[in-house]
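One structure below.
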Amino acid sequence: MSLDNLRDLYQQVILERYKKPRNRGKTDPVDRYQKGHNPSCGDTIELTLQLNDAEDQIQDVKFEGEGCAIAMASVDLMADALRGKTTAEALEMVQKFQAMMKGEAEFPSELRKLNVMQGVAQFPVRIKCANLSWHTVKAALELAKDVQPAGFISNE
Amino acid sequence: MTFTQEKTLAAQVRADFPILHQEIHGKPLVYLDNAATSQKPVAVLNALQHYYQHDNANVHRGVHTLSSRATDAYEGARDKVANFVNAASRQEIIYTRNASEAINLVAYAWGNSNLQRGDEIILSVMEHHSNLIPWQLLAQRTGAVLKFVELTETQEFDLEHFKSLLSDKTKLVSVVHVSNTLGCINPVKEIVELAHHYGAKVLIDACQSVPHMTVDVQAMDCDWLVASGHKMCAPTGIGFLYGKLDLLRSMPPFLGGGEMIADVFFDHSTYADLPHKFEAGTPAIAEAIALGAAVDYLSSLGMDKIHAYEAELTAYLFQQLQQIPELMLYGPKPDSKGEGRAALSAFTAGSVHPHDLSTILDQAGIAIRAGHHCTQPLHRHVGAQSTARASLYFYNTREEIDTFITSLKEAIEFFSGIFG
Ligand SMILES: Cc1ncc(COP(=O)(O)O)c(C=O)c1O
């Protein structure tokens, strides 16, 4: 087995986050809620956000759900990275993450933890696992206040 | 050597499958995703090539030589399929794109004109989405009600529960012959007999049985049976519907177009006799001919021999899998001879998610399936979000099972290092 390739993909941080996620649960209060789903494998996450009063800054991000190590580590790392960011910054980070999955970008040093996901770019079929949480947070941020999400957001 | 068949089957046929002789990530390919689709032997590839190089023309439409050759080959393949499943008449075999289309054909052509509000359709919880969604849609159109047969303790079709669901309201029973996830082999003969007692029609989804064992539609006495060519060594884009002659005659057409007509006027038409009534438009000619070649190939090996060899592989596979404590295996266990279930295993591997497992095995050249295998309700029913699945065919070897098991153990170790 080419373990070297696999170590690139399954960095220690990813495996640790998969084992011991730090951001499981539900924010209090729930200012935004969005379910994300990967229809080809059944992986599902439920994302909740807490925003400031002006609704232009993320105060907390939590998730529930089940999925592979890549999807679970990605959502857990994302939650850490988004805490304290303005919604505009968060949407930019979504774009940057998606570009990183194409091997076209990486995060600056203050967000370097997210760069452990870079190895996923070498495994094209797994990119959607890593992207699931970012797709979902984008949909959540684009929802107006008090609007119920239409359903789950699918990353296909 | 207890493995009596291997020398005579896998070893004998591997040269027929060029695709198997390649490396993936520097390791010999071990293809264990046969329940999704099978690989194609040279005989089938040659049939496609030969048709396009020598005989290509539209069928049933010309008097020139190529058209007559194409028509003969296309209809000849129908005879082969009819013989293969022991249909009473070649007119009982309708070509479709795949099993899904065949089920939809029945759901529209028969379902729309025979079901009413309150009528009941019995399915099982293990159905593939292809044998579920067409009936959900039919139920929405007609007001019919779906009922689901549950599983026994060994995760097999619960015949007693089925009996309790049957009533005079039952108009249709549509069940899978061999489950693509649990691997159980359902008692279709009994199911048909019980359903007929109530005057209900029975459709059998034989996608996972026709490629692996002798299937006899007359012995089974089912009203319809469907299968996909691509799981039985034929190309994609071709499958078939078997239906009893009188029943197919009584059904209105499904799709309209050329080929399926007798006489056409501006305001109405009359339809061709079977099987053409259900084959609108230019069909998948090359694919149908290649399906005939696949049937010839399988028959030349012998379905009983294929089944016997696969049973030996099943026994070995389960013997190995059962020694890995982290695994949770779905479906019934095989007996000591590997009988009583199909040559596939869906499982979960402790903390290793099926998706991660599949990526890790792929690095070792091993192709398995990860996900819900188009049986999402079944996965929910047994409490698994997704599973990994290894599924075998007659060209797989005991050595390939060894490679798979070794890598599976390594993958579990790789993850349990973290979880340990
Ligand atoms: C049991 C069963 N039924 C139906 C199908 C659907 O086959 P197809 O996608 O070729 O129509 C499959 C294959 O995926 C299957 O395994």
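Values quoted throughout were computed directly from the atomic coordinates according to the rules given, and no laboratory measurement underlies them. None of these values were measured; they are calculated from a predicted model. Positions of Cβ are generated from backbone atoms using ideal geometry, with glycine treated the same way; all protein chains shown enter the neighbour counts.
Name the residues whose placed amide hydrogens come within less than 5 Å of the amide hydrogen of B:ALA280, ignoring near sequence neighbours (fewer than 5 apart) on the same chain.
Counting only residues 5 or more places away or on other chains, the set is B:LEU255.
Under 5 Å between amide hydrogens, which residues at least 5 positions from A:ASP31 or on another chain qualify, with H placed 1.01 Å from N in the peptide plane?
Placed amide hydrogens put A:LEU49, A:GLN50, A:LEU51 under 5 Å from A:ASP31.
Using the structure shown, list the pairs from A:LYS35/A:LYS138; B:LYS201/B:LYS244; A:LYS35/A:LYS96; A:LYS20/A:LYS62; B:LYS201/B:LYS231; B:LYS189/B:LYS305 with a Cα-Cα distance above 20 Å, or answer none.
A:LYS35/A:LYS96; B:LYS201/B:LYS231; B:LYS189/B:LYS305
Using alpha-carbon positions, what is the distance between the centroids of the range B:200-249 and the range B:23-53, in Å?
Answer, in whole Å: 23.
Tell me which residues come under 5 Å, amide H to amide H, from B:ILE238 once H is placed; ignore anything under 5 positions away on its chain.
B:GLY229, B:HIS230
Counting residues in the range B:272-420 as N, plug N into 2.2 N^0.38 Å and put the Cα Rg over that result.
Against the compact-globule rule of thumb, the ratio is 1.30.
Using helices alone, I'd like the mean residue ellipticity at 222 nm for chain B: each DSSP H run of four-plus residues gives -39500 (n - 2.57), total over residue count, nearest 500.
Dividing the helical sum by the residues of chain B leaves -11000 deg cm²/dmol.
Please arrange B:ILE324, B:ILE366 by how many other C-beta atoms lie within 10 Å of their C-beta, fewest to most.
So the residues, fewest neighbours to most, are B:ILE324, B:ILE366.
Explain nothing, just compute: Karplus ³J(HN,Hα) = 6.51 cos²θ - 1.76 cosθ + 1.60, θ = phi - 60°, for every residue of the range B:176-183 in order, whole Hz, x for Gly and Pro.
For the range B:176-183, the Karplus-derived couplings read 7, 6, 10, 6, 6, 10, 7, x Hz, x marking Gly and Pro.
Restricting to DSSP loop positions (anything but H, G, I, E, B) with no more than 11 other Cβ atoms inside 10 Å of their own Cβ, which GluC sites (Glu not before Pro) remain in the range B:126-180?
Answer by residue number: B:GLU153.
Step through the residues of the range B:315-323 one at a time and calculate ³J(HN,Hα) from phi using the Karplus curve (6.51 cos²θ - 1.76 cosθ + 1.60, θ = phi - 60°), rounding each to whole Hz and writing x for Gly and Pro.
Coupling constants for the range B:315-323: 4, 5, 4, 6, 4, 6, 4, 5, 8 Hz.
B:LEU248: net charge of surrounding residues, Cβ under 9 Å, Lys/Arg +1, Asp/Glu -1, itself excluded?
Every neighbour counted, the sum reads +1.
Could you point to the residue in B:LEU298, B:ALA280, B:LEU327 farthest towards the positive end of the range B:245-332's charge dipole, with +1 and -1 charges on the Cβ of Lys/Arg and Asp/Glu respectively?
The one lying farthest along the dipole's positive direction is B:LEU327.
Would you mind checking the tilt of helix B:65-84 against the longest principal axis of the Cα atoms of chain B, expressed as 0 to 90 degrees and rounded to 10?
Relative to chain B, helix B:65-84 is tipped by roughly 60 degrees.
If the viscosity is 1.002 mPa s and the temperature 20 °C, what Stokes-Einstein diffusion coefficient in µm²/s follows for the range B:1-154 when Rh is the Kirkwood radius over Cα pairs?
106
Counting Lys +1, Arg +1, Asp -1, Glu -1, what net charge surrounds A:LYS102 among other residues with beta carbon under 15 Å of its beta carbon?
+1
At most 13 other Cβ atoms within 10 Å plus a DSSP loop assignment makes a site exposed; report the longest stretch of chain B without any exposed trypsin sites (Lys or Arg not before Pro).
No qualifying site falls inside B:118-336, the longest such stretch.
Expressed as a whole number of Å, what is the distance separating the alpha-carbon centroids of the range B:105-119 and the range A:1-64?
The two parts, judged by their Cα centres, are 45 Å apart.
Considering only DSSP beta bridges whose two residues both sit in the protein assembly as shown, what percent are antiparallel, to the nearest 5?
Once the DSSP bridges in the protein assembly as shown are tallied, antiparallel ones form about 65 percent.
Angle, helix B:285-301 long axis vs. longest principal axis of chain B, Cα atoms, 0 to 90°, nearest 10?
With both axes taken from Cα atoms, the answer is about 50 degrees.
Any idea what angle helix A:127-142 forms with the longest principal axis of chain A, computed on alpha-carbon atoms, 0 to 90 degrees, nearest 10?
Rounded to the nearest ten degrees, it is 10.
In chain B, what % of DSSP beta bridges are antiparallel (nearest 5)?
Once the DSSP bridges in chain B are tallied, antiparallel ones form about 60 percent.
If you take the Cα atoms of the protein assembly as shown, find Rg, then find the Kirkwood Rh from the mean of 1/r over all pairs, what is Rg/Rh?
1.01
What's the local net charge at B:ALA139, with K and R +1, D and E -1, over the other residues with C-beta under 14 Å away?
So the environment of B:ALA139 carries a net charge of +2.
Can you find, among B:ASN186, B:ALA311, B:ILE94, the residue sitting farthest towards the positive end of the charge dipole of chain B, where Lys and Arg contribute +1 and Asp and Glu -1 at Cβ?
Farthest towards the positive pole: B:ILE94.
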